[in-house]
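Novice: The following block contains the structure, expressed as structure tokens.
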Amino acid sequence: MSVTVVGSIAYDAVQTPHGGRERMLGGAAVHFALAASFFDEVRVVGPVGDDFGEDEYAVLHGRGVVTDDIEHVVGGKTFFWKGVYGQNMNSRETLETDLNVFETFDPKLSEASKQCDVLFLANILPGLQRNVRRQCERAKWVALDSMDLWINIAREALIDAISEVDCVILNDAEVELFTGEREVVAGARRIMERGPSTMVVKLGKYGAALVTPEDSFWVPAFPVDFVTDPTGAGDSFAGGFVGCVAAHGGDPTAEVLRLAMAYGTAVASYNVEEFGTERVARLTGEEIAERVEELQRITSFDARPVALR
Ligand code: AMP
């Protein structure tokens, strides 16, 4: 199997109640690729500018991520995002988004990237997501992420993009904005009416829900001792989730999807422990497996009947 991801490759500036970074490697495609690299070969498609350096490539190569389809736009500057987190870390405000090389991004995939088995369309213009989806005709399983910006300004294009994928991954606020439904399962079902057979609703520090036409399945966030920076948690979750499906031949049975929820949760829990990609860049497969086991332990119980009155 192989996984292709298209999305932002960024420099992020982040401020949290516990400190910050003025300029660090980020971007949805980067966080996704590092997380998914534990499960399969991953190819990243996205643009960077002259300022994107060897140190940044080294982080990706350190996890075996294939960077051949990272397009270096000569004379351009890499996408830049600046955000600040509120005291409870579950809310964040975007202070700056400089699209830079993203402004004119027109993804052209190499033959190897087009031949992927599993495709992840990270949060970019829905029209571009659709364009990439059509270039990857062979892909067995395709997942898509989006954000409030596109729901607000490119709703019809997003509906079109969603109609051509198997799985949509959004947070609860995005589902509500898109569908008007406040309840997770009802909102997820409204989105599935547009075509996808699987929906994942991310609930921030409360975990995530998996919704299919027949079923729903819920996992809490893994309880870490200290959250340093939630940036990229959603994309790391997606990397673990989609990566796990890829590791199972891109065949999303009910059991595989549940397991994928656990792997996504485990990888995301490491991501938030340090700034940006710092923790996941030196994560090990053993550490991920440990948290998946622990997650099972802290969520399973024996539902024996109790005499009730
Ligand atoms: P997450 O915390 O998982 O929602 O993802 C955060 C990442 O998304 C950061 O590393 C940003 O560089 C990237 N990002 C923020 N805004 C945008 C945007 N408008 N388009 C694409 N990527 C973005």
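Novice: Any idea what the relative contact order of region 112-217 is, in percent, if you count C-alpha pairs under 8 Å spaced at least 6 apart? Don't skip to the end; give the middle numbers.
Specialist: Working: 189 pairs, mean separation 21.4, N = 106.
About 20 percent, as a whole number.
Novice: Using the heavy atoms of the protein chains alone and a 1.4 angstrom probe, what is the accessible area of the chain per residue in square angstrom? Can you show the working numbers first?
Specialist: Details: 13880 Å² over 309 residues.
Heavy-atom accessible area per residue stands at 45 Å².
Novice: Once you put a point 7 Å from the Cα of Val74 and another 7 Å from the Cα of Asp55, both along the Cβ direction, what distance in nm separates them?
Specialist: Result for the modelled spin labels: 2.6 nm.
Novice: Sticking with this one: Checking understanding here: applying a Kyte-Doolittle mean of at least 0.5 and a length along the axis of at least 24 Å (C-alpha), which whole DSSP H helices in the chain pass? Don't jump to the answer; show the numbers that get you there.
Specialist: Working: long enough: 254-271 (26 Å, 0.61).
Counting only whole DSSP H runs, the qualifying helices are 254-271.
Novice: Could you work out how much longer the chain between Arg138 and Ala254 gets when fully extended? Use 0.36 nm per residue separation minus the Cα distance between them, nm to one decimal.
Specialist: On the way: separation 116, 0.36 × 116 = 41.76 nm, distance 2.25 nm.
Gain on stretching Arg138 to Ala254: 39.5 nm.
Novice: Could you work out the local net charge near Lys205, counting Lys and Arg as +1, Asp and Glu as -1, over the other residues with Cβ closer than 15 Å to its Cβ? Before the final figure, lay out each step's value.
Specialist: Numbers: positive: Arg92, Lys202; negative: Asp172, Asp225, Asp229, Glu273.
The answer is -2.
Novice: Give me the percent of the accessible area of the chain that comes from carbon and sulfur atoms, probe 1.4 Å, all protein chains in place. Could the numbers behind the result be given before it?
Specialist: On the way: 6730 of 13880 Å².
Using a 1.4 Å probe with all protein chains present, the chain comes out at 48 percent carbon and sulfur.
Novice: Around Cys244, under 12 Å between beta carbons, what's the net of Lys plus Arg minus Asp minus Glu among the other residues?
Specialist: Numbers: positive: Arg258; negative: Asp40, Asp251, Glu255.
Result for the neighbourhood of Cys244: -2.
Novice: Using a Cα-Cα cut-off of under 21 Å, which lysines could be cross-linked to Lys77, ignoring same-chain neighbours fewer than 8 residues away?
Specialist: Once the sequence-local lysines are set aside, what remains near Lys77 is Lys108.
Novice: Dividing the Cα radius of gyration by the Kirkwood radius, what Rg/Rh value follows for the chain? Before the final figure, lay out the partial values.
Specialist: Working: Rg = 18.4 Å, Rh = 19.3 Å.
Ratio of gyration radius to Kirkwood radius for the chain: 0.95.
Novice: How much mean residue ellipticity at 222 nm does the chain get from its helices, if each DSSP H run of length 4 or more adds -39500 (n - 2.57) and you divide by all residues, to the nearest 500 deg cm²/dmol?
Specialist: Numbers: 12 runs with 115 residues, N = 309.
Calculated mean residue ellipticity at 222 nm is -11000 deg cm²/dmol.
Novice: Continuing with this model, one more query. Say a site is exposed when it is one of the chymotrypsin sites (Phe, Trp or Tyr not before Pro), sits in a DSSP loop, and has at most 12 other Cβ atoms within 10 Å; what is then the longest site-free stretch of the chain? Intermediate values should be presented prior to the final figure.
Specialist: Numbers: sites that count: Phe226, Phe301.
It runs 1-225.
Novice: For Thr231, what residues show an amide H to amide H distance below 5 Å, using hydrogens built from the backbone and excluding near sequence neighbours?
Specialist: Those lying under 5 Å, H to H, from Thr231 are Gly276.
Novice: Using a 1.4 angstrom probe with every protein chain in place, what is the largest-first accessible-area order of Met199, Met147, Met1? Display every interim value, and only then the final one.
Specialist: Numbers: Met199 0, Met147 60, Met1 95 Å².
In descending accessible area the options line up as Met1, Met147, Met199.
Novice: Another question, then. Treat each spin label as a single point 7 Å out from the Cα along the C-beta direction, and report the Ser110 to Ala307 distance in nm.
Specialist: Here the answer is 7.0 nm between the modelled labels.
Novice: Turning to a different aspect of this structure: Near Asp229, within a Cβ-to-Cβ distance under 15 Å, what is the net charge of the other residues, with Lys and Arg +1 and Asp and Glu -1? Each step should come with its number before you reach the end.
Specialist: Values: positive: Arg21, Arg23, Lys82, Arg92, Lys205, Arg279; negative: Asp12, Glu22, Glu93, Asp225, Asp235, Glu273, Glu274, Glu278.
Spelling it out: positives minus negatives among the neighbours equals -2.
The values are calculated or read from the model by the stated rules, or taken from the named source; none is laboratory data. As the structure is a computational prediction, the values presented were derived from the model and not from experiment. Cβ coordinates were reconstructed from backbone atoms using ideal geometry, including for glycine residues, and neighbour counts include every protein chain displayed. Please note that ligands, DNA and RNA were not included when accessible areas were found on the heavy atoms of the full protein model with its side chains. Shrake-Rupley method; radii C 1.70, N 1.55, O 1.52, S 1.80 Å.
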